[in-house]
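Following: one structure in structure tokens, then a few remarks.
The values are calculated or read from the model by the stated rules, or taken from the named source; none is laboratory data. Values in this document were obtained by computation on a predicted structure and should not be read as measured data. Please note: Cβ atoms are built from the backbone with ideal geometry, for glycine as well, and neighbour counts cover all protein chains shown. Areas reflect the complete protein model, heavy atoms only, side chains present, ligands, DNA and RNA absent. Shrake-Rupley method; radii C 1.70, N 1.55, O 1.52, S 1.80 Å.
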Amino acid sequence: MLILAIDTSAVASAALVSDDALEGVVASFATEDTRSHAEVLAPGIDDLLASAGVSGSDVDAIVTGVGPGPFTGLRSGIATARTLAFVWNKPLYGMMSLDAVALEVAESTDAVPEFLVVTDARRKEVYWARYSLADGQLPQLEDGPHVGFAADLPDLPAFGAGAGLYSDALKANPAFSSEQPDALYLGQFALARLAAGDPLPDSTPLYLRESDAQVPGPRKRAL
Amino acid sequence: MNRQQPLVLGIESSCDETGVGIVRGTTLLTNTVSSSMDEHVRFGGVIPEIASRAHLDAFVPTLRQALDDAGVELDDIDAIAVTSGPGLAGALMVGVCAAKALAVATGKPLYAINHLVAHVGVGLLDGKSPASASGGVGSGVAPRLPDNLGALLVSGGHTEILKINSITDDVQLLGSTIDDAAGEAYDKVARILGLGYPGGPAIDRLAKTGNPKAIRFPRGLSQPKYMGSAEEPGPHRYDWSFSGLKTAVARCVEQFEARGEEVPVADIAAAFQEAVVDVITSKAVLACRENGIKDVLLGGGVAANSRLRELTGQRCASAGIRLHVPPLDLCTDNGAMVAALGAQLVMAGVAPSGIRFAPDSSMPVTAVSLPA
Ligand SMILES: [Zn+2]
């Protein structure tokens, strides 16, 4: 099974993952910055397909990170994934973006039985989720995702760029202090869950915050 | 690619309308629009984040609907066009990302198009061309824009007067609002008067029962220091400002209330509308006269306003300028106008924009489409 995975919850990334390929990865790319998704994502995917010699008809499913993440960036990946799935007529699945970091933790030597994944939510807040990890298993989401202040998070080892950003308030793992959700891990996680017969959610974004819009109150009358 | 009668799909997401239009050359095949306007009502104006969320959910269904309505397959399309600016940054981003994905998935060329110039592009659709829209000639006329064409665009997002030397590569901005768009002023004043959203239709309706001369509201940027003369134009000769007008209306209402008098809502609505329409049309006609413009196309949602149409018509007629008003569903933001301009670019042999461009919320009209 060949999956095109996309995530723009923080940086822009995409990957072709397959259960046939060595290590599961056919090709992948990720940008460093978190603000130019609209420019880089489509060319990145185009190059990815070309370099792997893959066309839309070869792809079996599309997976998109559904956040949480800054809204505008998050939407660029979901809009891209939804459009590709429509044109190619392929199934589309959503994956919670923090799962990508959780899988990366699970595959690392820093893995612990219980941990947090934390990313930057801007406005002095973080997006976070709590995972448990049993030997040889996929990380299990126990709580979240949430948005909140770093100081209010559970006292557990914390992984991800949000932990690095607030290392004074969190038990940040230094090896993961700038790690962002990457489509590569998200795709592998999705592949594993699909192989296990685990149903994946749809591509509805996890905004976690309402729009800032305020319903205007009644106009104050003179006198 | 078919350069004579290209089949072009246009995508629009610069404000609160998700639009997908399809044209073949100058023939309109479909104009499919999904609006999030209802979701903005309780806020009294367009909330960018709400509009962006709505675009994301509306895009694929709108695209599917447009293809069904037009009876075409994506494979048949010659080119894709998308609004890349000006507009709300987050809203533009959704349409641009979707359009790029469409280009990647289909391998079709993509044009990144200026929203304001696209408003003029609808004038080139069969039966909607300035030649026929004026009522003189029926449809079937080979659409061609008149020389010395101007465009007056009035909406909730913009207020501009343009000169179109060539719709594919030479458009000039003669004047624009320096603060609120005219439609935005309508929304704000409607809120002050307790008339709900959108403000334009509500004020237009009520104004018919009021006396426009009951109160004299200011015409922004009309003083000599801003206007100058034809020979020595002031800094804002063809520009508008509506924020002072909104403040004047608020103060007027407060004065009635402070005196314990009933607020003459209909008179205020009529006087406000007269101030807006008077200053828009007088400056637009001045800009036309001084720039050799003989034909003017009216675009934008406020083109639906009865008084704006009436006064623009009168003043254009007395200045010897022909006024063209496309059907209203093509005046408001839509994908057909983007497709129409895209088709013109293809027919003129302009190179596509590729998929590396960034949306530009303040894209100038001098950029009709973005270079690769
Ligand atoms: Zn517009």
Taking Cα atoms only, helix B:306-318 is inclined relative to the longest principal axis of chain B by an angle, in degrees rounded to 10, of 90 degrees
Quick calc: nm separation of the 7 Å Cα→Cβ label points for residue B:75 and residue B:329 -> 2.9 nm
Of the DSSP H helices in chain A, the ones reaching 18 Å or more along their long axis in Cα terms and averaging at least -0.5 in Kyte-Doolittle hydropathy are A:37-52, A:71-88
Counting only DSSP loop positions in the range A:90-149, the trypsin sites (Lys or Arg not before Pro) whose Cβ has at most 14 other Cβ atoms within 10 Å are A:122, A:123, A:124
Filtered hits (aspartates and glutamates, Cα-Cα < 14 Å from residue B:294, offset >= 8 within chain) -> B:147
Looking only at lysines whose Cα falls under 19 Å of residue A:171's and that sit 8 or more positions away or on another chain, we get A:124
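How large, in percent, is the carbon and sulfur part of the accessible surface of the range B:1-125 at a probe radius of 1.4 Å?
Working: 1650 of 3590 Å².
Its accessible area is 46 percent carbon and sulfur atoms.
Test of the criteria: in the range B:250-331, which GluC sites (Glu not before Pro) are in a DSSP loop and have at most 12 other Cβ atoms within 10 angstrom of their Cβ? Before the final figure, lay out the partial values.
Working: sites: B:254, B:257, B:261, B:262, B:274, B:290, B:310; in loops: B:261, B:262.
Those satisfying the criteria are B:261, B:262.
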Per its Cα gyration tensor (rounded if a/c is under 1.5, else prolate when a/b beats b/c, else oblate), the range B:147-230 is best filed as prolate
Comparing each residue of the range B:69-106 in the complete protein assembly with the chain by itself (heavy atoms, probe 1.4 Å, ligands and nucleic acids ignored), those losing at least 50 Å² of accessible area are B:93, B:97, B:101, B:104, B:105
Ignoring ligands, DNA and RNA, the residues of the range A:29-45 whose accessible area with a 1.4 Å probe is reduced by 30 Å² or more relative to the chain alone are A:38, A:39, A:42, A:43
Rounded to the nearest 10, the angle in degrees between the Cα long axis of helix B:335-347 and the longest principal axis of the Cα atoms of chain B comes to 50 degrees
Computed, not fitted: 222 nm per-residue ellipticity of the protein assembly as shown from DSSP H runs ≥ 4 (each -39500 (n - 2.57)), nearest 500, equal to -11000 deg cm²/dmol
With every protein chain kept in place and a 1.4 Å probe, the protein assembly as shown has an accessible area per residue in Å² of 39 Å²
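Relative contact order for chain A: what percent, with Cα pairs under 8 Å and sequence separation of 6 or more? Numbers along the way, then the final one.
Working: 502 pairs, mean separation 51.6, N = 223.
Result for chain A is 23 percent.
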Expressed in angstrom and ordered largest first, the alpha-carbon extents of chain B along the principal axes are 68, 45, 36
Per DSSP, the loop-located GluC sites (Glu not before Pro) within the range A:44-149 having at most 15 other beta carbons within 10 Å are A:107
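Going by accessible area, probe 1.4 Å, with all protein chains left in place, what is the ranking of A:51, B:229, largest first? Intermediate results must be reported in sequence, preceding the final value.
Working: A:51 95, B:229 45 Å².
These residues rank, largest area first, as A:51, B:229.
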Restricting to aspartates and glutamates and to Cα separations under 12 Å from residue B:246, and discarding same-chain partners fewer than 8 apart, the set is B:179, B:180, B:184, B:187
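Give the interface area between chains A and B as buried accessible surface, both sides summed, probe 1.4 Å, in Å² to the nearest 100. Don't skip to the end; give the middle numbers.
Numbers: alone 11130 and 15100 Å², together 23080 Å².
Between A and B, the summed buried area is about 3200 Å².
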Sorted by accessible surface (1.4 Å probe, heavy atoms of the protein chains only), largest first, A:37, A:146 come out as A:146, A:37
